[in-house]
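The values are calculated or read from the model by the stated rules, or taken from the named source; none is laboratory data. Since the model is a prediction, treat every value here as computed from it, not as a measurement. Counting neighbours? That spans all protein chains shown, and the Cβs are built from the backbone with ideal geometry, glycine included. Heavy atoms of the whole protein, side chains included, go into the accessibility calculation; ligands, DNA and RNA do not. Shrake-Rupley method; radii C 1.70, N 1.55, O 1.52, S 1.80 Å.
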Amino acid sequence: MYGNDFGPPEPAGVTDAGPADLGGEDDATFLALIDADARVEPRDQMPGAYRASLIRQIAQHAHSEIIGMQPEGNWIGRAPSLKRKAILLAKVQDEAGHGLYLYAAAETLGVDRSELLDKLHSGRQKYSSIFNYPTLTWADMGAIGWLVDGAAIVNQVPITRCSYGPYARAMVRICKEESFHQRQGFEILHTLSNGTSAQHAMAQDAVDRWWWPSLMMFGPPDDASPNSERSMRWGIKRFSNDELRQRFVDMTVPQSQALGLTLPDPELSLDESAGHWRTGPIDFRELFEVIGGNGPCNAARLAHRRAAHERGQWVRDAAAAFAAKHATDAQGAA
Ligand SMILES: [Fe+2]
Ligand SMILES: [Fe+2]
């Protein structure tokens, strides 16, 4: 997923259990499979709560990929050169592809894509809060690639070993593409940082605005993340929010030094005995405000998504008519 910052879980008792689902979440056969680090496949029996939890997580991940096209789509028409435009276009198209793989993975759990989109459009399912921030300058394309895609990689690499087979396999290809995204962002910032003083200042301003939100992509601190323990027991989640956040900080600080840019945290320091970079306190009130719908762009992102969905109705109608025609032709030929 892009992050672990999606907010509270669905109310207890909501399981979306299919008719063949196992009743208890602590079914011994199922847990033995998980303990053996084997993969659960679509036709396998699974506890209803495991299925529901995966549907929710994969759907929110898919929603994040497609909503995440908006902040960068904002700059395709204003990229500073043809080369930059081609790269950004390819990157945004990759995100559309990630959304499609993930909706397809969710569908293997027996849920319909239109139902998931309906939940997104009506606000019943969330997407990563990071995409509710605006992209004010071209340097934001660099900061998003470097920090947001960088955080996504740290989150997503462990999901390649997730217990649900289709999700794990989708993530292998996604991670390869995210790695390209992260490098293209780094390269944009490197060019700006070593350019004119105005370009350097623009890069620094973008990093100042994206650093703290990117740390919040890993979700609330572990002691305020009630859902995590069960996801870890089920092999959906492999590391805690704080462990992943620390990994991201340790990876990113040396990169900021290579870029010649400063991370906006006066308390950032190296804990030499532990070998970790320690940040100052993170203001999670901002995260909960954005999750609650009060980020700078929440309303605009959802309105744009709904309008795009409505404008695409003719494509869905045409695809359905084409499939119906094929079915009739096949019947006639039989
Ligand atoms: Fe992606
Ligand atoms: Fe990406």
Gap separating the Cα centres of segment 57-75 and segment 254-329, nearest whole Å: 6 Å
Residues of type lysines that Lys176 reaches as a straight line, Cα spacing below 19 Å, ignoring anything fewer than 8 places off in the same chain: Lys91
Mean residue ellipticity (222 nm) of the chain, computed from DSSP H runs ≥ 4 via -39,500 (n - 2.57), nearest 500: -19000 deg cm²/dmol
Percentage relative contact order, the chain, counting C-alpha pairs under 8 Å, at least six apart: 20 percent
Among Arg51, Arg43, Arg247: highest mean-square fluctuation, GNM of the chain, C-alpha pairs under 10 Å: Arg43
Eligible aspartates and glutamates near Lys83 by straight Cα distance, threshold 16 Å, same-chain separation 8 or greater: Glu72, Glu187
J(HN,Hα) series, segment 241-258, from Karplus relation 6.51 cos²θ - 1.76 cosθ + 1.60, nearest Hz, glycine and proline x: 3, 5, 4, 5, 4, 4, 4, 5, 4, 4, 6, 8, 4, x, 5, 5, 5, 5
Under Karplus coefficients 6.51, -1.76 and 1.60, residue-wise ³J(HN,Hα) of segment 127-134 in Hz, glycine/proline x: 9, 4, 4, 4, 7, 9, 9, x
Peptide ranges 27-35, 266-274 listed from the most packed, as the mean C-beta count within 10 angstrom indicates: 27-35, 266-274
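Ordering Glu115, Glu229, Glu65 from largest to smallest accessible area (1.4 angstrom probe), what's the sequence?
Most to least solvent-accessible, the answer reads Glu229, Glu115, Glu65.
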Residue-normalised accessible area of segment 79-126, expressed per residue, 1.4 Å probe, Å²: 46 Å²
Between segment 188-203 and segment 127-147, the alpha-carbon center distance in angstrom: 16 Å
Placed amide H near Tyr164: partners under 5 Å, 5+ positions off or other chain: Val40
Under 5 Å, built H, 5+ apart or other chain: amide partners of His276: Asp271
Simple Cβ-charge dipole of segment 164-217, Lys/Arg +1 and Asp/Glu -1, about Cα centre, in debye nearest 20: 280 debye
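Percent of accessible area on the chain owned by carbon and sulfur, 1.4 Å probe? Provide the component values of the computation, followed by the final result.
Values: 8850 of 15380 Å².
Within the chain, the accessible surface is 58 percent carbon and sulfur.
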Angle between the chain longest axis and helix 48-67 axis [Cα atoms, degrees, rounded to 10]: 50 degrees
Within straight-line cross-link reach of Lys126, lysines at Cα separation under 19 Å, skipping those fewer than 8 residues along the same chain: Lys237
Ellipsoid semi-axes in whole angstrom, largest first, where each is sqrt(5λ) of the Cα gyration tensor of segment 40-123: 32, 13, 8
GNM result for the chain, Cα springs below 10 Å: residue of Ser81, Ser163, Ser197 fluctuating most strongly: Ser81
Computed magnitude of the charge dipole of segment 210-334 (debye, nearest 20; Cβ of K, R +1, Cβ of D, E -1): 780 debye
Phi-based couplings in Hz for segment 211-221 (Karplus 6.51, -1.76, 1.60; Gly and Pro marked x): 4, 5, x, 5, 5, 6, 4, 7, x, x, x
Check: the chain dipole with +1 on Lys, Arg Cβ and -1 on Asp, Glu Cβ, in debye: 1140 debye
Dipole-positive endmost among Asn241, Thr262, Val207 within segment 205-281 (Cβ charges, Cα centre): Asn241
